[in-house]
Amino acid sequence: MKKIKDLKKATGNKNPEIVFPTYNRTSIFRLILIFITFTFGFYIQSAACTISPNTGNFCVGIPYTFTISGTLPGDNIIWATSSIPNSQVTPNGSTSATIIFNSSISFYVIAFVSNAAGNTSCTTATFNVGQMPDPTITSSSQVACQGYGHSDDGQASPLIIEEPCTKVCEGSSVTYNAIGLGGSTFNWTVSGGHFFPGGATTATGSSVMVIWDNTIGVGYIQVQEISTGGCSKTIDQCIERIEKPHAEFLTGLTIGANGCYSSCLNQTIQFTDISTPNSTTFGTYVSNLT
């Protein structure tokens, strides 16, 4: 009241008009925004965030990059999965993370987003992580100069390839088997030979027969295993085609008219190996024919 009396005295007006300021909706919004800015820091609520990829085929042990969109610079983002003990999460800056799944179970990826205005989160769809295959090639062939292992059941056959280059005879036919996860499919490729029947250099199935070229040299056989979960792994084995042995020997005896060697009773006969590629004297024989 004192201020009104002072106003009357200053203006000489016994009934001065007091005008209050008016504000439209835009002005009110600006005032609220200024209040929030000074109180909490500038923030506009982010749109709903999304993570990509949202679904797909994933395999154990393979690193995958997930990216988030719909956030603002400065947002605090924490990445996780639905099974933290069975995954490895490595953030890549503010909007992506590399995740390795360690178990073939169901997962989903989640990102927690927070800032001064509050918290939100977004998740992917739930997906199954498939077991990573680890195929083994076994062989039906055995060469004397080749080292071999054993199958898991301790049996000598099938023989598991161990050396960097497995030796086979030129022109030989060898059956190869792929051992992997149940239900897997197998794709084969060969170099230095062809599959039988058909003569192609590609084939499918858990067991294939290869006819190797009739020349010495180096090639390979390769198999890709694709599991029921869509995970795949490819291995290949170096193959060395060695000269096929040609067995032949000398005795010093004379071949008779009937095409057979003739010897005397109790005659000592020495056999000399002239086989190729290796030749050596390998024994004697005493004829005791009666």
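The values are calculated or read from the model by the stated rules, or taken from the named source; none is laboratory data. In this text the structure is predicted, and so the values were computed from the model without any measurement. Note that each Cβ is placed from the backbone with ideal geometry, even for glycine, and that neighbours are counted across all protein chains shown.
Yes/no per residue for (1) surrounded by fewer than 16 Cβ atoms within 10 Å (Cβ to Cβ); (2) closer than 18 Å to residue 136 by Cα:
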{"position": "178", "(1), (2)": "no, yes"}
{"position": "185", "(1), (2)": "yes, yes"}
{"position": "188", "(1), (2)": "no, yes"}
{"position": "204", "(1), (2)": "yes, yes"}
{"position": "215", "(1), (2)": "yes, no"}
{"position": "223", "(1), (2)": "no, yes"}
Can residue 227 be described as buried (at least 17 other Cβ atoms within 10 Å of the Cβ) and either modelled with pLDDT of 90 or more or hydrophobic (A, V, I, L, M, F, W, C) (or both)? yes
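Per-residue answers, yes or no, for (1) at pLDDT below 95; (2) at positive phi; (3) of a type in the set (A, V, I, L, M, F, W, C):
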{"position": "164", "(1), (2), (3)": "yes, no, no"}
{"position": "181", "(1), (2), (3)": "yes, no, yes"}
{"position": "186", "(1), (2), (3)": "no, no, yes"}
{"position": "189", "(1), (2), (3)": "no, no, no"}
{"position": "208", "(1), (2), (3)": "no, no, yes"}
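Within region 224-240, how many residues turn out to be within 15 Å of residue 192 (Cα to Cα) and either over 26 Å from the mean Cα position of the chain (by Cα) or among the hydrophobic types (A, V, I, L, M, F, W, C) (or both)? So that I can check it myself, show each step before the final result.
Of the residues in region 224-240, the ones within 15 Å of residue 192 (Cα to Cα) are 236-240.
Imposing the further condition that a residue be either over 26 Å from the mean Cα position of the chain (by Cα) or among the hydrophobic types (A, V, I, L, M, F, W, C) (or both) reduces the set to 238-240.
Result for region 224-240: 3.
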Of the listed residues (56, 74), the one being touching a residue at least 12 places away in the same chain (Cβ under 8 Å), more than 26 Å from residue 132 (Cα to Cα) and either of a type in the set (Ser, Thr, Tyr) or in a loop (DSSP other than H, G, I, E, B) (or both) is 74
Against the conditions (1) loosely packed, with under 13 Cβ neighbours inside 10 Å; (2) within 14 Å of residue 126 (Cβ to Cβ), where does residue 93 fall short? Just the number, please. (2)
Just wondering, is there one or more residues in region 48-63 that are closer than 11 Å to residue 113 by Cα, at pLDDT below 85 and in contact with an Asp or Glu (Cβ under 9 Å, 6 or more places away or on another chain)? no
Run residue 252 past the list (1) farther than 15 Å from residue 165 by Cβ; (2) surrounded by 13 or more Cβ atoms within 10 Å (Cβ to Cβ); (3) not β-branched (Val, Ile, Thr) and report the number of the one that doesn't hold. (2)
State yes or no: is residue 120 surrounded by fewer than 16 Cβ atoms within 10 Å (Cβ to Cβ) and not in a loop (DSSP other than H, G, I, E, B)? no
Considering only residues of region 230-243 that are exposed (fewer than 15 other Cβ atoms within 10 Å of the Cβ) and out of contact with any Phe, Trp or Tyr (no Cβ under 6 Å at 6 or more places or on another chain), which is farthest from residue 166 (Cα to Cα)? 230
